[in-house]
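Take a look at the structure below.
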Amino acid sequence: MKISIRSLEKRLSMILPLAEAYQRSYNKLSADYKSEQEMALYTRGYFIKKLWKMAEDQQSLVAVLQVNDVPRGFIRYSAIPEYYTRPEDRQAQEVEKGYLDGFEFAWCRKIRFDREVELNDKTLIVNQIYLDPQVQHHGLGTLLFEQTVPELKKLGYQNLIIEYNANNTNAKNFYQKLGFAPFAQTKDFDHILKKEDGHTVFCISDVHIAHTGIDNALEHLRLRRQMKQTFVTVFDQRNHEASR
């Protein structure tokens, strides 16, 4: 299996296969806690548009994982929203306005801080990390962090935060193993759905926010790599002794 990591480029030969991997990953992660009606909104075109916008975004760093020269996943880092850095009474908020699913909306997104964490211009947020289910369970998600976090340190960044759905226990366990610890909570406004009976449903998700220092993340990655190497060595030794 040939593995390579490249920056996201605004070209269809990269975005189209990556959108398919993105959609498969999103469907697998979200199917347990999103309704069928809501999941139907996440079409192939939705993911193509999102990736195209990411490629145009000069404020984000997007690393694409390629397996045998085919894009199969990515990780995206961006500057944290300004309102994160101005909490009052252990809470920060931002008002979002726009049109969604045929409705005009205004949503006040509030973040409740459970403990104090210094967030500044040396902090990045991991906006997304997705990996095609077809290539999961090979350590490739960890590899994305291993290959990108050292580069972030070279650029002068010191901290990372990440948001994940409170119902996504796999994400929680994965990030904890990389040194992330929860420090805040919020609710995300996802969609407005109009049901057949005429009622309007607001789709809102409970979200946890976790933090780690870059150096802490690198140490956790080093320990995970060391443990993996030790396991492989012991496994190989046992197999060798068994075959004698």
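Brief remarks follow.
- Burial order of peptide ranges 72-84, 133-145 (average beta-carbon count within 10 Å, highest first): 72-84, 133-145
- Distance (nanometres) between label positions extended 7 Å along Cα→Cβ at ILE80 and ASP121: 1.5 nm
- Cα-Cα separations in the chain greater than 23 Å, expressed as whole percent: 57 percent
- The label point for ASP188 and the one for GLN134, both projected 7 Å from the Cα toward the Cβ, are 2.5 nm apart.
- Stokes-Einstein D for the range 13-81, Kirkwood Rh over Cα pairs, 37 °C, 0.692 mPa s (µm²/s): 253 µm²/s
- Spatial offset of the range 1-24 relative to the range 83-128 amounts to 29 Å, using the alpha carbon center of each.
- Pairs of Cα atoms farther than 17 Å apart, the range 119-170, %: 47 percent
- Largest accessible area first, the residues LYS49, LYS97, LYS2 order themselves as LYS97, LYS49, LYS2 under a 1.4 Å probe with ligands, DNA and RNA left out.
- Approximate spin-label separation GLU38-LYS110, in nm, with each point projected 7 Å along Cα-to-Cβ: 2.0 nm
- The sum of -39500 (n - 2.57) across all DSSP H runs of n ≥ 4, divided by the residue count of the chain, sets its helix-only mean residue ellipticity at 222 nm to -12000 deg cm²/dmol.
- The per residue volume of the convex hull around the alpha-carbon atoms of the range 51-170 is 164 Å³.
- For LYS110, the lysines whose Cα falls under 18 Å of its own Cα, not counting residues fewer than eight places away in the same chain, are LYS97, LYS187.
- Along each principal axis, taking the top coordinate minus the bottom one, the Cα set of the range 151-201 gives 55, 24, 18 Å in descending order.
- Taking the longest Cα principal axis of the chain as reference, the axis of helix 44-56 is set at about 80 degrees.
The values are calculated or read from the model by the stated rules, or taken from the named source; none is laboratory data. What you are looking at is a predicted structure, and each value in this text was computed from that prediction instead of being measured. A quick note on method: Cβ atoms are made from the backbone with ideal geometry, for glycine too, and the neighbour counts reach across all protein chains shown. We work out accessible area using only protein heavy atoms, side chains counted, and drop any ligands, DNA or RNA first. Shrake-Rupley method; radii C 1.70, N 1.55, O 1.52, S 1.80 Å.
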